[in-house]
1. Just need the relative contact order of the chain here, percent rounded to a whole number, with Cα pairs under 8 Å and 6+ apart.
2. If the chain between ARG457 and GLU387 were fully stretched, how many nm would it gain, using 0.36 nm times the residue separation less the Cα-Cα distance?
3. Just how far, in whole angstrom, is the stretch 365-425 from the stretch 44-72 if you go by their alpha carbon centroids?
4. Distance from a point 7 Å along Cα→Cβ of LEU73 to each backbone N in the stretch 85-100: keep the residues under 18 Å and list them by number.
5. At 0.36 nm per residue, minus the direct Cα-Cα distance, what do ARG410 and ASP615 gain on full extension? Give it in nm, one decimal, please.
6. Can you tell me how much longer the chain between LEU261 and GLU498 gets when fully stretched, taken as 0.36 nm per residue apart minus their C-alpha distance, in nm with one decimal?
7. Taking H as built 1.01 Å from N, whose amide H comes closer than 5 Å to the amide H of ALA696, not counting residues under 5 places away?
8. Rounded, prolate or oblate: which fits the stretch 243-293 when a ≥ b ≥ c are the square roots of the eigenvalues of the alpha-carbon gyration tensor, with rounded for a/c under 1.5 and prolate only if a/b beats b/c?
Amino acid sequence: MSDEGYFPQGTLIGVLTTQPLDRVLDYRAPEGGCFAGAFVEVPLGPRKVMGVVWGPGQGDFDASKVRSVIRVLDAPPMREELRDFLRRAADYTLTPLSAMLRLATRAPGLGDAPSMRRVYRLGDGMPDRATAARARVLEVLREFGGLSFTLKELAEMAGVSTSVVKGLVAQGAVREEESPRDTPFPRLDTDLPGKPLTDDQAAAAAHLRAALSGGYGTTLLKGVTGSGKTEVYLEAVAEAVRGGRQALVLLPEIALTSEFLTRVEQRFGARPAEWHSGVTMTERRRIWKMAAQGEVQLVVGARSALFLPFQHLGLIIVDEEHDTSYKQEDGVLYNARDMAVLRASIVGAQVVLASATPSLESWANAEAGKYARVELTARFGDAVLPEMRAIDMRAETLPSGRWISPTLERAVTARMERGEQSLLFINRRGFAPVTLCRACGQQIGCDHCDARMVEHRFLKRLMCHQCGETTPIPTACPSCGVEDKLAPVGPGVERLAEEAIALFPEARIVTLSSDLFASARALKAAIDQIAQGGADIVIGTQLVAKGHNFPNLTLVGVIDSDLGLQGSDLRAAERTFQLMRQVAGRAGRAAIPGQALLQTYQPEHPVIRAILSGDETGFWQAELRERSAAGVPPYGRMAGIILSGGDVARVFDAGNTLARNDGALREIGAQVFGPAPAPIARVRGRHRVRLLVKAAKGAPLQGALSRWIAPLRLTGDLRLQVDIDPQSF
Ligand code: ADP
Ligand code: ZN
């Protein structure tokens, strides 16, 4: 590190802590001095907290009261590039810098843990007395061959107390040794040959490889499901790693990770690092440190992996870039796709946005020449795109309480006769979206949210999909108290499964919904079972729409294609279009052509027609014209201000105060709409009110927003959240 960021002992420095204070605090550099970016421990009031040396001090404190840094922690310092990224991400999302730092320091016990740890492995001795508990410990160690474990891991795996292990150590049956805490990751073998690419794929891969020799750039890699996008971007990963740079692959769904890891292992002979909420704290600590030391070549993970301290990040892949789950809707509101572009532009890395159905934003950026665009038009091998057809539900006779039309039923039967698989898709979890009392007409709602309680028959409970609250299914109506009059209304995935079981009694039916699986492993097992032909009919929510490959699946029936078209959300058309194409893409991946049947009451709706005709370009252009006319993204900028609190009148008052005092917004020509109830108007007992701000594309929105909201006093339980680029508008 250069001397530039060095602060000799006693110099005034600014330290950013993860405490919820929106400012950098002054301290004095400790004995021996410190560098900018160093992780340090500082006194804060009566406590000691962790922080990062952010730069020179401000000197706006009484100099005699400035305290000294306690010590520099044993952790790789935060590089200038990452500090810059956090600063700019904070400015963009109008989030306090300390909250950004929290995202970047999710590894626990940072700097505190010694670099060696005690591990336990099989010893040569024999226990003096064989107990069941002792036998289990030895069995675990034998089963895992030469591996060693920490005391806690071993005890947990064997289901014994740690003293049992200690006892075995005393007798020499288990060996205790010191080992470096962080075992290195196996190196990826980038010399292993990939699959021979088709001409299209080879051209796309060549483009991505060539881009890696320049600085920052973003490429939209567009290609229908099964066209080999993954195959192609793994070539870019290989190139980056060969050049000694690190790569990051973001996936929208944890459930997709294990399939992907296996694929990487097949391609490069080693598994990459895996980063998401399901990864243990120890493992996260290891990845965090090794990323900083440049020892991790490839990280596969969720959006939070963007905040890892990579030493020389060269490539970020955002797979299924259009996926709405890239937008974090809790805490810091950021879109991982946009933040990936920001980080790459700072560090001079390449970004690949991969999708069969890109977001309108990315599409528009490619049209405008801001992003390069590479397309794969054909499916790999003999696979062809499924034929898309509507089932006009107005012409079908269906008894009430049934959702599978006779036409769809016949199509499924035909597939079963041919030994092929069908997928019935509905984008609704649970058994029924509404539980209605036939005596008083009331629907059962959540006590804390503006949401209905959804019946989950499998769990035997009602559940609120907003706050997760569950209650046993009551027998009497909570409103009028009459017994046995509660009835489910409308279809959910579990109810559809029940209907399918009645309609196709001989079929092997597998239902895929996030509620039905206790673990990612159980879900993976179900997916493998389907892929290997162990099911005739798959019933699923959007969990199945993403990325899984079922070679024998030739029919997709969409139960309720119109579901996403209701409501006034301007993004609804885009979402429905993407989801329908994604789901349809599950059919006919191997040599057998597929078919997608869309049950709809509005076959003439422009979105449904665009889906059926497959006229993507036409659809996008029409959408872009509408967005342009409305002045909304990607042609204008939007921000939401969400106010929340327990007292609805006070929350609205605050909203009205903001709306009235909109001088700062008018200065930049921005308009404010609302206050109105937020898309989710009440969550966990808090009322939510939203103001929407619309500005021209180049307008300095963030600055105006901060000047606008600064005077608002947040008293009592009133909270304000800024949502730049809201998902719905
Ligand atoms: P996408 O990411 O666009 O959905 P994939 O990369 O997953 O597509 O490819 C779909 C399937 O086709 C995968 O099973 C993949 O291994 C296979 N495949 C794609 N390209 C090739 C190729 N050139 N040679 C062999 N198999 C390929
Ligand atoms: Zn609720």
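A short reminder: the numbers here are calculations on the coordinates, not readings from a lab. This structure is a prediction, so every number in the text was calculated from the model and none was measured. Cβ atoms come from the backbone with ideal geometry, glycine included; neighbour counts cover every protein chain shown.
1. Values: 1460 pairs, mean separation 74.2, N = 729.
Across the chain, relative contact order equals 10 percent.
2. Numbers: separation 70, 0.36 × 70 = 25.20 nm, distance 3.45 nm.
Additional length available on full extension: 21.7 nm.
3. About 61 Å separates the Cα centre of the stretch 44-72 from the one of the stretch 365-425.
4. 86-87, 97-100
5. On the way: separation 205, 0.36 × 205 = 73.80 nm, distance 2.78 nm.
Full-extension gain reported as 71.0 nm.
6. On the way: separation 237, 0.36 × 237 = 85.32 nm, distance 3.41 nm.
The span from LEU261 to GLU498 would gain 81.9 nm if fully extended.
7. Sorted by chain and number, the residues that satisfy this are ARG637.
8. Working: a/c = 1.76, a/b = 1.07, b/c = 1.64.
Oblate shape, in that a/c is at least 1.5 and b/c is the bigger or equal ratio.
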